[in-house]
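Trainee: Handing you a structure now.
The values are calculated or read from the model by the stated rules, or taken from the named source; none is laboratory data. As the structure is a computational prediction, the values presented were derived from the model and not from experiment. Cβ placement follows ideal geometry from the backbone for every residue including glycine, while neighbour counts extend to all protein chains displayed. SASA here: full protein model, heavy atoms, side chains in, ligands and nucleic acids out. Shrake-Rupley method; radii C 1.70, N 1.55, O 1.52, S 1.80 Å.
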Amino acid sequence: MLSYRHAFHAGNHADVLKHFVQVQLHLYMNQKDVAYTYIDTHSGAGVYALDSFQATKTGEYDTGIGPLWNATDVPEALKPYLDLVKGMNPSGKMRYYPGSPYVADQMSRLDDRLRLFELHPADVKILNENFRKAEAHKAEQGERARGKRVLIEHGDGFQSLKKLLPPPSRRALVLVDPPYEVKDDYKKVRDALEEALGRFPSGMYAVWYPVLQRMESRQFPDRLKRLPAKEWLNVTLTVSTPGPDGIGLHSSGMFILNPPYTLEPMLRETMPWLVQALGKDAGARFTIETGTQLTGAASGRLAGEGPRLPVGNARRASPLSGKGSLRLPGEKMVREGEAPAPAAPKAGARRAWRPDANVQGKPQAGGPGEGRAPGKRPAAAPGVTGARLGAPRADGARTAGPRPTGARTGGGKGGGKR
């Protein structure tokens, strides 16, 4: 769909979170002398006029850059972002707001490469014109221009991403920021990142996404956590309580794959201030999550104190496991007309970590065996090696008893000692 125009939303609270984080990622990438490639899959127009018809119609900048414009007690980490925005408004009046391509052009170095993609024909035309003017201004000032180190393409960033990875310098920062107007965008983002990580697993990938009531949006962060990245960080900013009709954007997030180690502590210092500055009511808050790739087994351990759920690659419930419920390994099958056995008390159950503005600590990692579900195989009786405990059979046949040490169990390769 080509109906989305970011000019209606430029400078809102979601842009503040996105571009503030983007600035920090550039600053980290700039610490090494080796050049890197910046890839923007959905670039937009690059620069937006806040006094345009589109911006004044919605006035969304009043939820974002507006309240920050004259702020004086700004956290140190937020200053480079605000300095960049004020730098493109030398008159002191808040008139222009940068898009992510402009942020990349200002924050990256001359030897770094910019690869910008935009599918909307009107926006890609404006993007080209904005960069042409910027190059001409540099030439007038006697400054070195980027030249061919900036490439702008009218095309689908999802499809174009794979042909650019891995980059020549083996360093890249990728920003994925589709409009999410159609449900397929969520799947396209995940599929594109999965392929990108397969081609270039050490790249840094930043994904902006809206936090909405629709199912695709609620499930999106958990799907990204399963991507094969070494580490991830997820930060969200909510400025007000969503209305019952679900209309409007009240919250958004930035999900970073392979984030810098400096990002989390910086966000923990800055996000409380942003919530105070941009919050509209008691629903204003932020969340920060970090972790490594989640598999189905890991997801089950993070499910809290409730029953273990079949997440990810966990097996489906069998119709033989008691009215279709999931039966854990070692757990006795409950048959029709038979009362279920009482659940064993849980020892050391983990609580899911749901960080927000009021929670500062992380849970401590458990030992190798922590988090195992009750019903695991009990230990053998003292003095008996290799013994198994068997459940009584309904027809009165003999039960399994202890065997001599080293005795084989039933035929096949599964018998004998373990």
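Trainee: Which residues, counting only those in the range 204-228, are open to solvent by less than 60 Å² (accessible area, probe 1.4 Å) and among the charged types (D, E, K, R)?
Mentor: Residues satisfying the conditions are Glu216, Lys225.
Trainee: Then there is this: Search the range 30-48 for residues being assigned to a loop (DSSP other than H, G, I, E, B) and of a type in the set (D, E, K, R), and hand back the single one that is least open to solvent (accessible area, probe 1.4 Å).
Mentor: If we filter the range 30-48 for residues that are assigned to a loop (DSSP other than H, G, I, E, B), which is where we start, we get 30-36, 41-46.
Of the ones still in play, those that are also of a type in the set (D, E, K, R) are 32-33.
On the way: Lys32: 130, Asp33: 151 Å².
Among residues in the range 30-48 that are assigned to a loop (DSSP other than H, G, I, E, B) and of a type in the set (D, E, K, R), the one least open to solvent (accessible area, probe 1.4 Å) is Lys32.
Trainee: Could you tell me whether the range 6-14 includes any residue that is surrounded by fewer than 18 Cβ atoms within 10 Å (Cβ to Cβ) and of a type outside the set (Val, Ile, Thr)? Break it down stepwise before answering.
Mentor: Looking only at the range 6-14, we keep the residues that are surrounded by fewer than 18 Cβ atoms within 10 Å (Cβ to Cβ), and these are 8.
Narrowing the set further to residues that are of a type outside the set (Val, Ile, Thr) leaves 8.
Yes: one or more hits.
Trainee: Now for a different question. Could you list, in sequence order, the residues of the range 17-28 that are open to solvent by less than 10 Å² (accessible area, probe 1.4 Å) and within 18 Å of Ser202 (Cα to Cα)?
Mentor: Answer for the range 17-28, where residues must be open to solvent by less than 10 Å² (accessible area, probe 1.4 Å) and within 18 Å of Ser202 (Cα to Cα): Gln22, Leu25, His26.
Trainee: Continuing with this model, one more query. Pick out the one residue from Glu264, Glu336, Glu269, Glu289 that is modelled with pLDDT under 85, among the acidic types (Asp, Glu) and either out of contact with any His (no Cβ under 9 Å at 6 or more places or on another chain) or closer than 30 Å to Asn30 by Cα (or both). Reasoning before the result, please.
Mentor: Numbers: Glu264 fails: modelled with pLDDT under 85; Glu269 fails: modelled with pLDDT under 85; Glu289 fails: modelled with pLDDT under 85.
Residue meeting the stated conditions: Glu336.
Trainee: Pick from Asp83, Asp105: which is modelled with pLDDT of 90 or more and closer than 21 Å to Met271 by Cβ? If you could, list the steps in order and put the result at the bottom.
Mentor: Values: Asp105 fails: closer than 21 Å to Met271 by Cβ.
On inspection, the qualifying residue turns out to be Asp83.
Trainee: Could I ask something else about it? Hey, can you tell me all the residues within the range 229-258 that are under 16 Å from His26 (Cα atoms) and open to solvent by 20 Å² or more (accessible area, probe 1.4 Å)?
Mentor: Once the filter is applied, which keeps residues that are under 16 Å from His26 (Cα atoms) and open to solvent by 20 Å² or more (accessible area, probe 1.4 Å), the range 229-258 yields only Asn258.
Trainee: Something else: Criterion first (surrounded by 13 or more Cβ atoms within 10 Å (Cβ to Cβ) and either hydroxyl-bearing (Ser, Thr, Tyr) or part of a helix (DSSP H, G or I) (or both)) does Leu173 satisfy it? Talk me through it step by step, then tell me what you get.
Mentor: Values: surrounded by 13 or more Cβ atoms within 10 Å (Cβ to Cβ): yes; either hydroxyl-bearing (Ser, Thr, Tyr) or part of a helix (DSSP H, G or I) (or both): no.
Criteria not met by Leu173.
Trainee: Here's a follow-up. Might you check whether a residue that is hydrophobic (A, V, I, L, M, F, W, C) and within 30 Å of Ser169 (Cβ to Cβ) occurs anywhere in the range 59-75?
Mentor: Here is the first cut: in the range 59-75, the residues hydrophobic (A, V, I, L, M, F, W, C) are 65, 68-69, 71, 74.
When the remaining residues are screened for being within 30 Å of Ser169 (Cβ to Cβ), the result is none.
No, that holds for no residue.
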